[in-house]
Structures are given as C-alpha cells and as structure tokens.
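K.L.:
Right, I'll just put the structure down here and ask away after.
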Amino acid sequence: MFGLGAGLLHPAAGLDHVLAMVAVGILATQTAGISLWVLPIVFVSTMAAASFLGFLVGGTPLMEIGVTGSVLILGAVIALGRALPTAIAVGLVGAFAIFHGHTHGTEIPANVGGIGYGAGFMLTTVFLHAVGVVLGVSTRGRGERFHSLATRAYGGAIAIAGIALIAT
C-alpha cells in the first residue's frame with residue numbers, strides 16, 4: 001500500500017487514537033468560541049511536528065502511555081462538564097498531540113513514502129476531530145441542558161474506555 005493509503009488507515013486502526021481524536025473535537029465544542037477551530041489546528045500541527053521527531057529518534061515506552069492516558073484525561077475533562085479556558089485547553093491538546101504524533105512517526109512503515117503517510121494520518125485525524133465536533137454541535141439544538149448532559153456522557157464513555165485501555 002502506498003504512503004497516503006497506509007497513513008489514512010493508521011489512526012483508525014487503534015481505538016486509543018480514534019477516541020482521543022474524537023475527544024478533541026468534543027472538547028472544542030465544549031470550550032466553544034475560537035476553540036472550535038484552534039484546538040483541532042493545534043493538535044494537527046503539533047502532531048505533524050512530533051511525528052517528524054518520532055521518525056528521527058524512534059519510539060519510547062512513555063509515548064504509548066501518553067497516547068492511552070490522553071483518552072482517559074480528555075474523556076474525564078469533558079465529563080466534568082466545565083469549559084476550560086482556551087489557553088489551558090490548547091496546552092492540554094498540544095501536549096497530547098506530541099504523544100500521538102511521536103507515535104505515528106515511529107510507526108511509519110519502511111516501504112511507504114513518509115510524506116504521503118504523514119498527509120494520510122493528518123487527514124484521518126482531521127476527519128476524527130470533525131466527528132467529535134459534529135457530536136458536540138448536534139446536541140445543541142435540543143437545549144443547553146440536553147447538550148451538557150450528552151456531552152458529559154460522551155466524555156464519561158471515553159474516560160471509561162481509557163480506563164479499559166490502560167488496564168489491558
């Protein structure tokens with residue numbers, strides 16, 4: 001498989017990546033305002049830079065712990081139902097993007113083009129962020145209370161999945 005195709009499939013192959021990316025989108029809707037765009041942009045750009053670093057230096061066990069931990073922490077933050085200040089949300093999302101990007105960079109197969117692979121996993125990441133945004137925004141039309149409960153339920157489910165991922 002060529003680089004782009006392999007990159008498109010890579011993030012979708014790991015539940016930890018899928019849940020964390022969707023969580024970033026949900027968090028962006030919960031934080032609202034400019035965060036709706038800033039959080040996904042910060043995540044994707046930081047992830048891209050960290051993937052290059054991961055490609056150059058290789059993997060460390062701490063990166064996988066950070067990836068799995070991001071699912072639990074992002075889910076818990078969403079479940080608490082409090083909008084974070086944008087600067088804190090950006091810092092949190094950026095830190096987790098380093099773990100995800102570094103891991104993607106270490107997993108670039110030797111037989112594919114790195115640029116195509118990177119473009120592929122960035123596109124899939126954007127798509128998964130959009131899924132989270134749609135989940136968060138789609139509940140707004142039913143009232144603020146429903147939106148808050150639904151968003152918190154999404155976060156709780158993601159946090160529980162994070163616990164299960166850590167336990168395995």
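K.L.:
Which FRET efficiency, nearest 0.05, do L36 and A12 yield, Cβ-Cβ r, R0 22 Å?
P.N.:
Computed FRET efficiency for L36 and A12 comes out at 0.45.
K.L.:
Over the chain, with a Gaussian network built from C-alpha contacts below 10 Å, which listed residue (T124, T29, T60) shows the highest mean-square fluctuation?
P.N.:
T60
K.L.:
Per residue, how much accessible area does the stretch 1-93 show when a 1.4 Å probe rolls over the protein heavy atoms, in square angstrom?
P.N.:
Accessible area per residue, the stretch 1-93: 45 Å².
K.L.:
Alpha carbons only, please: Rg and Dmax for the stretch 1-139, in angstrom.
P.N.:
When restricted to Cα atoms, the stretch 1-139 yields Rg and Dmax of 14.2, 45 Å.
K.L.:
What is the gain in length, in nm to one decimal, between E64 and T168 on full extension, counting 0.36 nm per residue of separation less the C-alpha to C-alpha distance? Numbers along the way, then the final one.
P.N.:
Working: separation 104, 0.36 × 104 = 37.44 nm, distance 1.26 nm.
Gain on extension, E64 to T168, equals 36.2 nm.
K.L.:
Continuing with the same structure: For the stretch 104-166, rounded, prolate or oblate, judged on the Cα gyration tensor with a ≥ b ≥ c (square roots of eigenvalues), a/c < 1.5 rounded, else prolate if a/b > b/c?
P.N.:
On the way: a/c = 6.98, a/b = 2.01, b/c = 3.47.
Because a/c hits 1.5 or more and a/b fails to exceed b/c, the stretch 104-166 counts as oblate.
K.L.:
Let me ask something else. Of the heavy-atom accessible surface of the chain (probe 1.4 angstrom), what whole percent is carbon and sulfur?
P.N.:
Working: 6080 of 7960 Å².
C and S atoms contribute 76 percent here.
K.L.:
Positive end of the charge dipole of the stretch 10-164 (Lys, Arg +1 and Asp, Glu -1 on Cβ, about the Cα centre): tell me which of L53, A119, L92 has its Cα farthest that way.
P.N.:
Of L53, A119, L92, it is L92.
K.L.:
Could you pull the Cα extents of the stretch 1-50 along its three principal axes, largest to smallest, in whole Å?
P.N.:
40, 22, 15
The values are calculated or read from the model by the stated rules, or taken from the named source; none is laboratory data. None of these values were measured; they are calculated from a predicted model. Cβ sites come from the backbone with ideal geometry, for glycine too, and all protein chains shown count toward neighbours. To get the accessible areas, we keep the full protein, side chains included, count just its heavy atoms, and leave off ligands, DNA and RNA. Shrake-Rupley method; radii C 1.70, N 1.55, O 1.52, S 1.80 Å.
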